[in-house]
1. Quick check: residue separation of residue 24 and residue 64 times 0.36 nm, minus the Cα distance between them. What number comes out in nm?
2. How much length is gained on full extension from residue 74 to residue 90, taking 0.36 nm per residue of separation minus their Cα-Cα distance?
3. Within 10 Å, count the other beta carbons around each residue, average over each peptide in 93-100, 65-72, and list them highest first.
4. What length, rounded to one decimal in nm, is gained on full extension from residue 4 through to residue 101, with 0.36 nm per residue of separation minus their alpha-carbon distance?
5. For a quick protection proxy, order the peptides 81-87, 30-36, 56-62 by their average other-Cβ count within 10 Å, most packed first.
């Protein structure tokens, strides 16, 4: 699972009012979305800003045609108190094994 959080333009560091999109990936063809997000060149870190503007609607057009679920919930990073709209896409995206391995390498989990 990869969570993409869109923060409204003009917001400082607050995430309240943002939208979180949950994307699931299976091994398959290379994901242009992951490449656009700069994940091929990132080093290990929990959060980062994309290196360029990404048109998620265009990049995920086929996934957005399928079923999605939405609900109001908290952000997935501490303090987990700000409210965001969650969108969970039923459609599973494709990513190459190389991209999946790279995601495993760069995405870290910080335990308290």
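Rule-based calculations on the coordinates, nothing more; no lab input. Note that the structure is a prediction, hence the values are computed from the model and not measured. In this analysis, Cβ positions are derived from the backbone assuming ideal geometry, glycine residues included, and neighbour counts consider all displayed protein chains.
1. The residue 24-residue 64 span can extend by a further 13.1 nm.
2. Once the chain is fully extended between residue 74 and residue 90, it gains 3.7 nm.
3. 93-100, 65-72
4. Value of the extension gain: 33.1 nm.
5. In descending order of packing, they fall as 30-36, 81-87, 56-62.
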